[in-house]
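Engineer: Here it is: the structure, laid out below.
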Amino acid sequence: MTANCDLDAPDAASAGDGCARAWMDHNLRMTDILTVGTHNSYHQAISEPIMEMIRRAAPDSWGGLDYAHPPLTEQLDDGARALELDIYHDPEGGRYARPAGMTLTRQEISPDYIEAMSKPGLKVIHIQDIDFRSSVFTYVQGLQEIRAWSLAHPDHTPILLTMNTSDGKSRVPGGADGLPFDEAAYDVLDAEIASVFPPGAVITPDIVRGGAPSLREAILAKGWPTLGAARGKILIAVDEYGRHRDAYRRGRKSGEGCMCFVNSDEDAPDNAYYTLNKQSDGPRTAALVRAGFMVRTRADADTVEARSNDTARRDAAFLCGAQYVCTDYRRPDARFSDYQVRLPDGAIAVANPQRAPERCAGIAIEA
């Protein structure tokens, strides 16, 4: 079902011709964009022996894991402006270095993988032991790749980086259960970000809040930084709720000293960012975007849309104005269909249909 987002903004054909880059950078906020990124951006194809094991154990759901992405740099070169790196806590190193799925299927583990995964620090994994193949093994490695690309392209639209912080039990015998993401683990998360990105390179809650009493009050009074001030930078969000969100807050009411934003409640002091992935979230997304909040959503999930070439969810996501629309198909998977998620005319980012001034609606901000 396509959500009704009450779109009133004109398309690019009716927008004025005076929307120059300098004007947009000065007058638009970073919430005035619409761009496309990727979901589980690190994800590599599961080896066939492990996939066969998953097919036998989960015959109705294994297909949702059957996708892969190119390296992060290639995705950024191709225009992705949202990335996702899911992480596991590994303070001593080595906990996830020998995935049980490889042992059960009698496959050899790469020495490079074992070496990288044996070092202390956060590890990039989707599901430990079975769906662990990643284009970057450690969180710091992923951050370094993003930082290097950003430095080489200083005018880019702000990049959103999201993380799920996983600590569940292993799904196979002999596997490694996740360690709790407690306050100490989130201290490590912030420290690893700060080890790669110098002050000012990440748009933090402190930067957005400025002198306001809270993030929410800052958003409602003045909004996020201007597009010009946000170019060449990233913002980071911990995509969690409940105990994980509370642990990341570490008692801080409005993100004080934090590197990341959180999924907040609409009346909370740290209310600034939302991940809203359900198709039914469209009207809420549109209302939040118009009010000045940042929203990330998905255009597809579990390979369903690609297998049927169904664009309804993608089109609704664009219409509702979530600033970051994420997909597993920036480019089509030829095994399934021609389904892909890209903005018209090769644009990387355009003025947001729910927020942009009339003269700029639909016009490319980055091409």
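Engineer: Could you tell me which of rounded, prolate or oblate describes the range 228-307, using a ≥ b ≥ c as the square roots of the eigenvalues of the alpha-carbon gyration tensor, with rounded for a/c under 1.5 and, failing that, prolate when a/b is larger than b/c and oblate otherwise?
Structural biologist: Values: a/c = 1.65, a/b = 1.48, b/c = 1.12.
Prolate shape, in that a/c is at least 1.5 and a/b is the bigger ratio.
Engineer: Right, something else. For the pair residue 250 and residue 191, how long in nm is the line joining their label points, each one 7 Å along Cα→Cβ?
Structural biologist: 0.9 nm
Engineer: Which whole-number percent gives the relative contact order of the chain, counting Cα pairs below 8 Å spaced six or more residues apart?
Structural biologist: Details: 792 pairs, mean separation 94.2, N = 367.
Averaging sequence separation for qualifying contacts and normalising by length gives 26 percent for the chain.
Engineer: Whole-Hz ³J(HN,Hα) for each residue in the range 320-336, computed from phi via Karplus 6.51 cos²θ - 1.76 cosθ + 1.60 with θ = phi - 60°, x for glycine and proline: what do you get?
Structural biologist: My calculation for the range 320-336 gives 7, x, 3, 5, 10, 10, 9, 8, 9, 9, 4, 10, x, 9, 4, 5, 10 Hz in order.
Engineer: Could you give the angle, 0 to 90 degrees to the nearest 10, between helix 183-196's Cα long axis and the longest principal axis of the Cα atoms of the chain?
Structural biologist: 70 degrees
Engineer: Could I ask something else about it? For residue 365, list long-range residues whose amide hydrogen, built 1.01 Å from N in the peptide plane, is under 5 Å from its own amide hydrogen.
Structural biologist: Here the answer is 349, 350, 351, since their amide H atoms fall under 5 Å of that of residue 365.
Engineer: Search the structure for amide H atoms under 5 Å from the amide H of residue 275, placed 1.01 Å from N in the peptide plane, and list their residues when 5 or more places away or on another chain.
Structural biologist: 296
Engineer: As a test of the formula, what do you get for the chain when each DSSP H run with n ≥ 4 contributes -39,500 (n - 2.57) and the sum is divided by the residue count, at 222 nm and rounded to the nearest 500 deg cm²/dmol?
Structural biologist: Here the helix-only value at 222 nm equals -8000 deg cm²/dmol.
Engineer: Still on this structure, I have one more. Could you tell me the calculated FRET efficiency between residue 25 and residue 151, based on Cβ-Cβ distance and R0 = 22 angstrom, to the nearest 0.05? Mind dumping the intermediate values first?
Structural biologist: On the way: r = 19 Å, r/R0 = 0.88.
With a Förster radius of 22 Å, E is 0.70.
Engineer: Roughly to the nearest percent, how much of the accessible area of the chain is carbon and sulfur, given a 1.4 Å probe? Show your work: numbers first, answer last.
Structural biologist: Details: 7620 of 15080 Å².
Whole-percent figure for carbon plus sulfur exposure: 51.
Engineer: Here is a follow-up. How big is the accessible area of residue 342 in square angstrom, nearest 10, if you roll a 1.4 angstrom probe over the protein chains?
Structural biologist: Result for residue 342: roughly 70 Å² accessible.
Engineer: Also, quick follow-up: What whole number of Å gives the distance from the Cα centroid of the range 164-197 to the Cα centroid of the range 132-154?
Structural biologist: 18 Å
Engineer: Given the options 97, 322, 212, which has the most mean-square fluctuation in a GNM of the chain, springs set between C-alpha atoms less than 10 angstrom apart?
Structural biologist: Looking only at 97, 322, 212, the largest GNM fluctuation is found for 212.
Engineer: For the chain, which cysteines have no disulfide-compatible partner, meaning no other cysteine Cβ under 4.7 Å?
Structural biologist: Cysteines lacking a close Cβ partner in the chain: 258, 260, 326.
Engineer: Could you give me the ³J(HN,Hα) list for the range 260-273, computed from phi with Karplus coefficients 6.51, -1.76, 1.60 and θ = phi - 60°, whole Hz, x at Gly and Pro?
Structural biologist: For the range 260-273, the Karplus-derived couplings read 10, 8, 10, 5, 10, 8, 5, 10, 7, x, 9, 6, 8, 9 Hz, x marking Gly and Pro.
Engineer: Hey, another quick one. Out of all DSSP beta bridges with both ends in the chain, state the antiparallel percent to the nearest 5.
Structural biologist: Working: 11 of 35 bridges.
Once the DSSP bridges in the chain are tallied, antiparallel ones form about 30 percent.
Engineer: Further question: Within straight cross-link reach of residue 253, meaning Cα distance under 20 Å, which lysines are found once same-chain residues fewer than 8 apart are removed?
Structural biologist: 222
Engineer: On to the next question. How large is the accessible surface per residue of the chain, computed with a 1.4 Å probe and reported in Å² as a whole number?
Structural biologist: Values: 15080 Å² over 367 residues.
Heavy-atom accessible area per residue stands at 41 Å².
Engineer: Taking Cα atoms, how many degrees apart are the long axis of helix 282-291 and the longest axis of the chain, rounded to 10 and kept between 0 and 90?
Structural biologist: Taking the Cα atoms of the chain, the angle to 282-291 is about 60 degrees.
Engineer: Cα axis of helix 48-57 to longest principal axis of the chain: angle in degrees, 0 to 90, nearest 10?
Structural biologist: It is inclined by approximately 90 degrees.
Engineer: Still on this structure, please answer the following. Just to be sure I understand: with springs between alpha-carbon atoms less than 10 Å apart, which residue in 108, 240, 145 has the highest mean-square fluctuation in the Gaussian network model of the chain?
Structural biologist: Maximum fluctuation in the GNM of the chain, among the listed residues, is at 108.
Engineer: Given the peptides 241-250, 158-167, 51-60, arrange them by the average over their residues of other C-beta atoms within 10 Å, most packed first. Could you put the intermediate results ahead of the total?
Structural biologist: Working: 241-250: 16.4, 158-167: 21.8, 51-60: 13.4.
Highest mean packing first, the order is 158-167, 241-250, 51-60.
Engineer: Using a simple charge model, +1 on the beta-carbon of Lys and Arg, -1 on the beta-carbon of Asp and Glu, nothing else, what dipole does the chain show about its Cα centre, in debye to the nearest 20?
Structural biologist: Details: 39 positive and 53 negative charges, 67 e Å.
In total the dipole reaches around 320 debye.
The values are calculated or read from the model by the stated rules, or taken from the named source; none is laboratory data. Being a predicted model, the structure only gives us computed values, none of them experimental. Virtual Cβ from ideal backbone geometry, glycine too; neighbours counted across all protein chains shown. The area values use the complete protein model at the heavy-atom level, side chains included, leaving out ligands, DNA and RNA. Shrake-Rupley method; radii C 1.70, N 1.55, O 1.52, S 1.80 Å.
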